1. Considering segment 47-82 alone, what residues qualify as being at pLDDT 80 or above and surrounded by fewer than 18 Cβ atoms within 10 Å (Cβ to Cβ)?
2. Would a scan of segment 223-235 turn up a residue that is surrounded by 18 or more Cβ atoms within 10 Å (Cβ to Cβ), basic (Lys, Arg), out of contact with any Ser or Thr (no Cβ under 6 Å at 6 or more places or on another chain) and modelled with pLDDT under 90?
3. Exactly one of (1) in a loop (DSSP other than H, G, I, E, B); (2) surrounded by fewer than 21 Cβ atoms within 10 Å (Cβ to Cβ) is unmet by residue 108. Its number?
4. Before we move on, is residue 126 at pLDDT below 90, surrounded by fewer than 18 Cβ atoms within 10 Å (Cβ to Cβ) and of a type outside the set (Gly, Ala, Ser)?
5. Could you check segment 26-43 and list, in sequence order, the residues that are closer than 13 Å to residue 92 by Cβ, crowded, with 19+ Cβ neighbours inside 10 Å and not aromatic (Phe, Trp, Tyr)?
Amino acid sequence: MDVGTALDEAGARLRSRAGLVLLVAFLVVAVAAVLARQTLLAASLTQFLAQGGDPATLPVPPEDLRPVALALPVGYGTSLGLFALVALASEYLSIVTLRTVAGESLQAAATRRLGPALVVGIVVGVLVKTLVLVGLIAFLLPGLYIATVLLFAHARVAIDDAGVVDALAGSRRLVRGRVLSVGAVVATLVVLYLFPRLASGFLPVESTGLLVGGLLVGLANLLSTALVARAYVGIREAGAEEEPQEETEDPYDAPLGPDDLPEP
């Protein structure tokens, strides 16, 4: 499946009642992520200064950070818990979206085998991101290659209930022989990742600017997840069609015995 077809099918799946629900959920989680990030930043700054940290070592003057926009008035431990809760909600929403865009009903996608999917999905996500980051730091091309080869690992966990090893190995098998077409999907994902973050650079670093930037990131995340889901389903189905069919044994392809000879 080419990237254009995958985008068209992803858009068609999102133009539905389930797609509207997912859009609202992604925007809500995006706003929550902004609040959690700003709260953690403010709490970290407060703790740093309270423990006698040198303000001169900060990347920007502390007066430019306090008060941090949209930060909630909670302590450092609570801010960490809030940040982790939002990350878990984001993982859950990603799994539900992958399943829904792949063809499941929204209700089934939101309830089927959630515990294992969340645990394995988080582990696979951390492994893939770590490998890609190491590849990018070592040299750009290895990182891009790893991102391409392991693109569908998370989709295999969410859609096909794969384990960690099966998710990684299965993604590699699917991409084999399709590196260029899957690479085009990865390039599109990079654009979807960068666009809202670059656009946020032109927004004011105030509450409104942060919220608008967060909403743009949420929209981009929804489109990216839907694109991966449709690309995965298309390539999986194409791979199944290409697998050779097992030949059935011909019962007559054997030497004739005495019982097979006609009676005179």
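1. 47, 51, 72, 73, 74, 75, 76, 77, 78, 80, 81
2. Within segment 223-235 (the criterion being surrounded by 18 or more Cβ atoms within 10 Å (Cβ to Cβ), basic (Lys, Arg), out of contact with any Ser or Thr (no Cβ under 6 Å at 6 or more places or on another chain) and modelled with pLDDT under 90), the answer is no, since none of the residues qualifies.
3. (1)
4. Details: at pLDDT below 90: no; surrounded by fewer than 18 Cβ atoms within 10 Å (Cβ to Cβ): yes; of a type outside the set (Gly, Ala, Ser): yes.
So residue 126 fails the test.
5. Matches in segment 26-43: 29 only.
The values are calculated or read from the model by the stated rules, or taken from the named source; none is laboratory data. Source: prediction; values computed, not measured. Reconstructed Cβ throughout: ideal geometry from the backbone, glycine too, with neighbour counts over all protein chains shown.
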